[in-house]
Amino acid sequence: MHKIYNVFLLFLALSIAYACGGNPSWEDDLQDIRIEWELVSNFLEESGQFEAKFVFHNEGTRDLGNTGWKLFFNMSPRMILPYPDERVARISHINGDWYEISPGSDFALPAGGSVSFTYRGIEGVIKESDAPMGLYFVFYDTDGNELEVLAFDQLSVAPFHKKEQLLRGDMDFEEPASAMQRYADNEGLKVVDEADLHPIVPTPFQLQRRKGVFKLTAETGIYYADGLESEARYLRDKLLEITGVSLKLESGTGTDGDIRVGLADIVVDGKKEEAYELDIAEKQIRIQGSDAAGAFYGVQSLLAWLGPEAYLGRKLPLDLKLARVLDAPRFHFRSLHMDVSRNFQTKETVLRMLDLMAHYKLNHFLFYTTEDEGWRLEIDGLPELTEVGAQRQHVADRGDPALHPAYGSGPFAYADGKHGSGYYTKADFVEILKYAKERHITIIPELNFPGHARAAIKSMEARYNKYMELGDEEAANEYRLIDPDDSSEYLSAQAFKDNTVSVARESTYRFYEKVMDEIASMYEQAGLRLTKIHAGGDEVPEGAWTQSPMAADLLRQLPDIDDPKNLQAYFFRELLKRLEKLDVEVHVWEEMALKKMPDGNYVPNPEFVGKRVIPYIWNNMFDYPDMGYQLANAGYEVVLCNVSNFYFDLAYSNDPKEPGLYWAGFVNTKNAWTFAPFDWFKTTFQTSFGEKLDMETAAAGMVKIKPEARKNIIGVEAQLWSETIKGRDMVEYYTVPKIVGYAESAWAKERVWETTEQTASRNAQIAEGWNVFANTVARREFPKLSAWNEGYHFRIAPPGAKLEDGKLYANVDFPGLEIRYTTDGSEPTPASILYEGPISVQGGTKLKAFDRSGNSSRLVNLSNE
């Protein structure tokens with residue numbers, strides 16, 4: 001991840017010129033400005049709007065007037081409505097989540113004074129993470145030239161407490177977030193016997209427990225068959241990490257007291273790939289895979305079988321209970337998507353995620369390195385992709401060939417503590433590929449066209465300008481991605497006005513081929529062959545190409561296309577031709593496999609059936625909640641990514657302090673676990689606004705999966721979009737423990753409740769199964785994950801609590817966690833009083849939930865006054 005300082009030096013030069021020109025810098029005086037932001041209400045006269053307020057305070061000696069400055073910031077994209085206080089200050093949406101405040105004629109902030117203004121926008125706001133972020137001032141001379149750019153970090157956000165702040169408006173059916181609401185949600189859960197816990201997650205197809213123990217000692221050796229040294233070494237290294245002892249590693253069969261890793265003709269549930277047998281006998285542990293991947297998953301099951309005590313510090317020797325496991329996955333395709341474009345994540349963070357995936361037996365990783373807000377992969381021959389597309393900073397105009405700030409990244413590229421800039425070198429990417437290969441994970445690279453392409457567009461415009469200045473028009477146009485005369489007006493799902501490539505330019509396809517050829521070369525350097533790519537294709541905004549002269553010329557040559565929107569199908573058709581030389585599967589979002597009809601409806605486009613095109617289905621809630629089944633019935637192989645179950649970037653709950661998005665509601669670990677792939681209407685419980693669904697009634701008019709099309713559902717994928725995710729701790733917090741529930745849905749055999757038709761019986765079965773799984777997460781998975789790779793930053797939910805008749809009642813969402821409390825105003829620690837049942841309290845009480853390693857939840861502060 002290389003740093004580029006030219007933009008910083010430019011701003012430094014501007015600041016020096018500003019001071020020397022007789023206009024004193026604001027750098028010191030800005031420390032005396034404070035800004036407060038408050039969400040006033042989501043309950044306005046018109047549904048679906050919010051009202052918020054800025055308050056500026058000047059605690060210094062210098063007036064801030066109504067000219068010569070603007071304040072820029074990012075916030076979760078929402079359109080701003082006209083408001084009465086625009087004469088004080090005007091908020092304007094620029095692009096994406098980038099906004100500006102410009103002073104109005106009535107703005108005055110004298111030394112020692114304050115000024116405020118209230119504004120309105122569309123869509124309710126319920127998260128503190130929705131508040132303005134990444135603020136910075138730009139100061140101008142009288143001609144409007146920029147003189148000084150200064151980051152600003154003195155913004156405070158007022159807490160969200162009232163109902164009108166906790167709910168999105170009168171259309172929101174969720175209960176307001178509170179300790180009492182969490183208590184109600186947790187009430188049906190209880191501690192189960194240790195013997196009822198799942199010793200291995202995801203749950204194996206078959207597990208037989210036996211009497212006796214195998215004694216794992218420092219003298220135990222690990223022996224491996226030909227071709228399995230990597231899998232055996234992984235086991236050796238993990239046992240070293242856990243026990244502090246490096247066991248002997250050799251090829252061969254071993255003797256009594258040893259562990260053997262080998263291959264055998266194993267078939268489980270009719271599956272010959274990725275199957276394994278784990279036989280823990282008194283004299284020897286035998287791991288046999290149907291292939292190397294199966295052997296690797298047997299290793300992971302052995303590591304899980306060690307149990308929590310091994311991960312909590314117990315040293316060798318370890319007594320392992322005897323058992324025999326026969327196992328194979330339900331789905332061959334088990335994937336995790338990770339977006340590193342909206343906010344960049346380090347190589348080390350990616351490697352930690354890959355190892356976590358491997359333990360839970362996931363085998364594909366959709367590596368999202370290109371998006372509107374960032375390009376994160378070095379490409380030979382196109383240095384602009386990382387020189388321009390990998391960094392965000394202030395720009396004078398959104399039309400400039402550079403990326404503007406987003407998600408709080410601030411005005412300067414590569415600023416400390418920010419996540420807007422960064423990329424992976426070729427060497428980094430090859431290292432990631434090799435690391436994944438050792439863990440039997442296939443990395444799927446992504447290049448999302450024709451929408452979501454702003455970083456590529458701006459990079460290639462910088463390239464165009466560079467070569468035009470050199471007088472080389474041919475080189476300038478070689479990889480250009482836009483029609484420069486396109487005046488189409490649109491707004492993408494993330495509020496961009498300029499993120500769609502021209503599908504009428506041959507150079508667009510040349511660019512795609514160039515990038516994919518270079519990526520294929522990196523796979524070869526890693527000893528791999530590129531077999532799968534993801535071409536995106538989602539959220540192309542309505543209105544794109546409608547005012548493009550180049551697109552108009554193309555449409556005249558295509559009489560079968562009567563709507564510019566269907567140029568997307570033309571683009572994909574042409575792209576597939578150019579990708580044939582790579583011999584790859586082309587994975588896409590479901591929109592790429594749809595066709596817009598004259599009546600405005602969308603239907604499966606049969607054109608790409610049988611052409612190794614794999615649509616990913618995210619929509620099970622909105623306009624076409626059965627489209628995934630329609631596509632599978634039409635002959636497409638599909639991957640299920642259902643938003644109500646597998647979108648890890650959606651917040652765990654509607655608690656305002658719980659970060660994350662909520663455009664499709666909320667996703668927790670139970671949602672990821674409760675998934676019926678062949679009848680997802682049974683596990684879609686409510687709308688995005690929390691209204692309970694009777695899906696059996698609603699599904700009556702929906703398309704169901706045909707029995708002969710079930711084979712077309714090849715697997716599942718969880719999504720981790722990164723708009724609100726900044727840094728490793730947040731990546732892991734959003735992912736864990738959701739990934740534990742998701743892995744069960746991806747690997748384990750069909751749960752009994754998936755085929756239960758009677759609602760009450762099915763819900764009772766779900767509740768019973770989830771109670772056991774929730775216990776397993778707290779009592780087995782959390783201790784393990786506290787030690788795995790020196791510990792993951794997983795989420796522990798705050799306890800539920802209520803005060804009733806002078807007594808405190810408290811509970812947790814994962815039975816087996818402990819609740820500790822204090823009544824003296826101090827914050828609870830693992831040594832504080834253990835909650836064991838209802839207690840009489842007077843005055844305030846503070847509570848936290850703790851796991852066995854001492855990791856804790858956020859604080860719950862209750863008052864009995």
Cα-Cα longer than 31 Å, checked against K271/K692; K497/K738; K670/K848; K271/K434; K418/K692, kept in input order, equals K271/K692; K497/K738; K418/K692
Note on segment 321-364: alpha-carbon gyration tensor, axes a ≥ b ≥ c; rule is a/c under 1.5 for rounded, else prolate if a/b larger than b/c, else oblate; result oblate
Of segment 452-494, those with amide N under 18 Å from the point 7 Å along the Cα→Cβ vector of E513 are 474-482
Regression test value, accessible area per residue of segment 25-152, probe 1.4 Å, units Å², expected 38 Å²
Under the 7 Å Cα-to-Cβ spin-label approximation, D679 and L240 lie apart by a distance in nanometres of 5.1 nm
The lysines whose Cα lies under 18 Å from the Cα of K577, excluding any fewer than 8 residues away in the same chain, are K514, K532, K611
The alpha-carbon center of segment 153-205 and that of segment 288-339 are separated, in whole Å, by 30 Å
Per-residue ellipticity at 222 nm attributable to helices in the chain (runs of n ≥ 4 DSSP H, -39500 (n - 2.57) apiece, nearest 500 deg cm²/dmol) works out to -7000 deg cm²/dmol
For the chain, whose charge dipole is built from +1 on Lys and Arg Cβ atoms and -1 on Asp and Glu Cβ atoms, the candidate among A264, S421, T546 with its Cα farthest towards the positive end is A264
Placing each pseudo-label 7 Å from Cα in the direction of the beta carbon, E539 and E45 end up separated by a distance in nanometres of 3.3 nm
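Magnitude of the Cβ-charge dipole of segment 224-324, K/R +1 and D/E -1, about the Cα centre, nearest 20 debye?
340 debye
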Distance in Å, no decimals, from the C-alpha centre of segment 819-844 to the one of segment 355-377 is 42 Å
Filtering chymotrypsin sites (Phe, Trp or Tyr not before Pro) in segment 132-180 by DSSP loop and by at most 15 other Cβ atoms within 10 Å leaves F173
Note to self: with every protein chain in place and a 1.4 Å probe, segment 673-773 gives an accessible area per residue in Å² of 38 Å²
With a ≥ b ≥ c from the Cα gyration tensor eigenvalues, square-rooted, and the rule rounded for a/c under 1.5, otherwise prolate when a/b > b/c and oblate otherwise, segment 139-209 is prolate
For K211, the lysines lying under 25 Å Cα to Cα, once residues fewer than eight places off in the same chain are dropped, come out as K283, K315, K321, K784
Expected unfolding gain across L155-R34 under the 0.36 nm per residue rule, minus the alpha-carbon gap, is 42.9 nm
FRET efficiency (E469, T531; Cβ distance; R0 45 Å; to 0.05) is 0.65
The rounded separation in angstrom of the Cα centers of segment 486-521 and segment 573-593 is 15 Å
In segment 763-849, taking the dipole from +1 charges on Lys and Arg beta carbons and -1 charges on Asp and Glu beta carbons about the Cα centre, the listed residue (A764, A778, I833) farthest towards the positive end is A778
Taking protein heavy atoms only, a 1.4 Å probe, and rounding to whole percent, the accessible area of the chain owed to carbon and sulfur comes out at 48 percent
In debye to the nearest 20, the charge dipole size for segment 571-625, taken about the Cα centre with +1 at each Lys and Arg Cβ and -1 at each Asp and Glu Cβ, equals 240 debye
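The values are calculated or read from the model by the stated rules, or taken from the named source; none is laboratory data. Treat the numbers as computed from the prediction; the structure is a model and nothing was measured. Counting neighbours? That spans all protein chains shown, and the Cβs are built from the backbone with ideal geometry, glycine included. Heads up: the accessible areas ignore ligands, DNA and RNA and are worked out on the full protein's heavy atoms, side chains in. Shrake-Rupley method; radii C 1.70, N 1.55, O 1.52, S 1.80 Å.
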